Every structure is written in C-alpha cells, then in structure tokens.
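The values are calculated or read from the model by the stated rules, or taken from the named source; none is laboratory data. Being a predicted model, the structure only gives us computed values, none of them experimental. So basically every Cβ, Gly included, is an ideal-geometry build from the backbone, and we count neighbours across all protein chains shown.
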Amino acid sequence: MTNSAMATWIKQPAAVFTGNDADSSDGIVVRGNRIVELVGGGRAPETPVDNVFDASGRVLLPGLINGHHHFYQSLTRACPPALNKPLLGWLQSLYPIWANLDEAAVAVSTRLVMAELMLSGCTTTSDHHYLFNAALDQAIDIQAEAAAELGMRAVLTRGSMTVSVEDGGWPPRSITEPETTVLDESERLIRRYHDGAPHAMLQIALAPCAPLLVTPDLMRESARIARAHGVRLHTHLGETLDEDELCMSSFGMRPVDYLADVGWLADDVWLAHGIHFTHPEIERLGSAGVGVCHCPSSNMLLASGICPVNDLVSAGAPVGLGVDGSASNDSSNLMQEVRQALLVGRLRYGADSVSHESVLRLATRGTADLLARPELGELRPGAAADVALFGLDEARFSGHGDPLAALVRCGASRVSDLMIAGAWRVKGGELVDVDLDALIREHGRIADTLAEQAGSPARRSR
Ligand SMILES: [Zn+2]
C-alpha cells in the first residue's frame, strides 16, 4: 500500500490513455488518493517524489469503471437449464435457483466478482442487487463490508422487485418485497452508507429492477427518496422487444413514455442496456441527459440486440460500459468488454466510426458520467489515483505496432498492476491481500449448494 504522504512516480509507460488531450507520456505522479501531476515527454516530475514505479513495457490507463452488474449471478454462470435461451426463458430458468440466495452467497459472490473485476483493470464498480428474501434482507450491508475489505470503489444500488408472477410479473413471490420495505430500506441504506463527497469510496443508488417488475408508485417514490438525498437512479430499460409489447399491454405506452410518466426522464438516471429505442426516443433521452450503460457481451449472448451507442452519444446522452450479470455475460472482465464494444460497435456503425480510443472512453469517462463522478475515469491532476497497468509481454501482443491499439484489439484481459485511491490492489499480476484460490473454492462450494437446493442440474460434475 502507498503511504498517503508519499509521492509515487509511475514512470515512463509504453503508452498512456489519459482520456483527455494532456501529455502524460512519461507517466503520472500520485500522492495520497489523488493524481498530482502528469509528466510530459522528456522531463522529470516537478513534484518531489519518494518512490518510482517503473512502468516500462506497460500501458497506463485510468481505472476502468463498470456501470452495471449483478454479482450474485456469478453463482450461476453457464448454468445448464438457462443455456441457449433469450431473456425471459433465461430468467424463468434461473429464478428457482436464485430464490435460495442467502447472506453467505451474497458475501462470497461480491468478493469473487470484485476480485475478478480488479484483475481486469476495473477500479470502480456498480452492482444492481434486487433480490431479497426471508433469509436475505441485509444484502447491501454485506456488499458494503466486502467493498471496504477489498478496497474497491463501489456504487451499490438498492434494487427491488414488488410484482410477482401471481400479480402479472415474472419472479416468484418469495423474492419480491412489500413496497414499504423497499422504501424504508432505501432510506436506511442511503443514510448509513452514501458518501456524497468527491472521491467517495462508497455510494448508494436506488434501482427498481425493471419497470415491469415494480409498480408505477414504487418508481415515483424511489425517485422522490433519491432526489431528497441527492443519490442516483438506475434500472433496466430497452433490453428486449418483448419489453415494448409488455409495456404497451401493462401501461398503454412505450418504455420511454413510461419513464417520463413516472418522473425518470432526467439526468440523475442511468439505464442498463438501452437497445430498443426509436430515433425520436434517442433524441428525448439525449435532451434529458439520461445515461445508458452498454453491456455488449450480455446483449450478444441473450441475442437482445445492439445498443445504438453512437446515436445516443450524438444525441447528448452519457454512455458508459458494463459487464452485466455473470449469468448473462458470463464473465466479469471489463477489459474484454471494451473489446466487445469495439467489435459490435463496428458491426453496427462501420470500421471508421468506432475506435479503440472511443471504446476505452466508454469504460472510463463514459461510465464516470453515468455515476456523476467527474473525479474518476481520467488522468489529470486532482483526479482519483485509480489506475490500471497492462503488460504487453504475452504472445497475443507480439509484433504489435501501437501499444494502446494492441491492448484493445489483441485482447488484453488481465492487469499487471492496479491502484485504487492510491493503494496498490494488484501487483505483479496478483491481488494484494486476497487468497484468490480459497475464494474460488468457497464460491464453487456455495454454487453447488444453491444448485442442489433447487434440485437443478445447474452444476455438472467437474
Ligand atoms: Zn442487468
């Protein structure tokens, strides 16, 4: 860990992506939890430095930021009953397994996924946890404890589902909650954990799972509470064409009209997926400043469609990147998601309309904008000392002509080093102070238990 009074020069990387126009070709100086200086080409730092970190042969990036996830789903990756199904069938196959989630499952999946994300270059993550049952009412408290223990910056969203299958929704009643519980818990969690100051390590947002899975009242009341406390709002929207039809039959309007109707067409909202919008709807979202988190791997695996990233950006909507839950991705590797955004973006818009820089921007400044965190996602003096370094010594990079382009195009997947708020969390390719092998064993054991409880062939013998 870096002593907070010490200044460290991360010196002379092979390439730097700052996220802005500044020259940082000889590295950066960090002190405490901030970047204090960018070091331009051919000179030494002006700041007196105590330590030098030799970054030669490595690419330096602002820490990547994950805008959408469901950590608990890592316990049902590549789950046999859910393979090869679109969203609704996939969900219906998984609800019986997820219904038995308990505190130990949330604790181990949060730790495992945070470790996985950090190894992929991620320094800040959000999570969308909307699953509560009789054995699990403290999920966000457990996640907050895990984030503090691992030293990862987090935006934990208090999700909710209140409309069960009996009431025309999708989930079983055992994993839906009364609205009063959702609202009381939302207030409690904000008061207990939300830090609204710049450089906060933990923030809370409110996140009804999807408009079809809660009532209009809960959408409105969640917005009222969020705005009273200055926290952000998040939900799934525009993921499938089925959703358009169900929204018409349930509410008599399309999803974006519904968003406006419940007071969510505003710049304190970010949406997961955002695929199926008409052009006027894209213009409306952009004018209102509603953010969209692009989740390309999940969208491709569930065959949901392609997010119109360039159109949303042109319309003025903030667009960031997320891995989505580990039952639909099924990975939590944010650097690989950057490559997926490049590939699917080019398929939609053409090779000259999506670059390695533009997709890196999605995963850094883009997601920082979704979370309203101007101090993240960029290398500049005063910004957070959150950085990722990737080595280029693997076979996959050999022969490259441009280190930054190679990082994205050749498929980087694991950092050499990672710093969060000035503290090294990965060094030499290994997590600091985390026994990853033990964590994987415990995670696998709990995944087995969940599968057995559901009587599901969810885990084939290994
Ligand atoms: Zn999701």
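Restricting ASP184, ASP167, ASP195 to residues that are assigned by TED's automatic domain parsing to the domain that holds LEU112, among the acidic types (Asp, Glu) and under 22 Å from ASP242 (Cα atoms) narrows the list to ASP167. Of the residues making up the stretch 300-318, those that are touching a residue at least 40 places away in the same chain (Cβ under 8 Å) and within 16 Å of the ligand (Cβ to nearest atom) are MET300, LEU302, ALA303, SER304, GLY305. Within the stretch 61-105, the set of residues being polar (S, T, N, Q), within 16 Å of the ligand (Cβ to nearest atom) and in contact with a Leu (Cβ under 7 Å, 6 or more places away or on another chain) comprises ASN66, SER74, THR76.
Listed here are the residues, each with its yes/no results for (1) assigned by TED's automatic domain parsing to the domain that holds MET201; (2) more than 25 Å from the chain's Cα centre (by Cα).
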position	(1), (2)
ARG34	no, no
ASP50	no, yes
HIS69	yes, no
GLN73	yes, no
LEU88	yes, no
GLY121	yes, no
ASP137	yes, no
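List pairs: first residue in the stretch 110-138 and within 21 Å of GLU442 (Cβ to Cβ), second residue at pLDDT below 95 and crowded, with 24+ Cβ neighbours inside 10 Å anywhere in the structure, Cβ distance under 8 angstrom, at least six positions apart or on different chains. Sorted first by the residue in the stretch 110-138, then by its partner, the pairs are VAL113/SER326. Among the residues of the stretch 144-155, are any within 16 Å of the ligand (Cβ to nearest atom), closer than 22 Å to VAL387 by Cβ and assigned to a helix (DSSP H, G or I)? Checking the stretch 144-155: not a single residue is within 16 Å of the ligand (Cβ to nearest atom), closer than 22 Å to VAL387 by Cβ and assigned to a helix (DSSP H, G or I). Note on the stretch 17-134: enclosed strands (runs of 3 or more DSSP E) holding 1 or more residues that are more than 30 Å from CYS410 (Cβ to Cβ) are 27-31, 34-38, 51-54, 122-129.
Results for (1) in contact with a Cys (Cβ under 9 Å, 6 or more places away or on another chain); (2) part of a helix (DSSP H, G or I); (3) within 27 Å of LEU88 (Cα to Cα); (4) away from the ligand (no atom under 16 Å from the Cβ), shown as yes or no for each residue.
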{"residue": "ASP324", "(1), (2), (3), (4)": "yes, no, yes, no"}
{"residue": "SER328", "(1), (2), (3), (4)": "yes, no, yes, no"}
{"residue": "ASP369", "(1), (2), (3), (4)": "no, yes, no, yes"}
{"residue": "PRO374", "(1), (2), (3), (4)": "no, no, no, yes"}
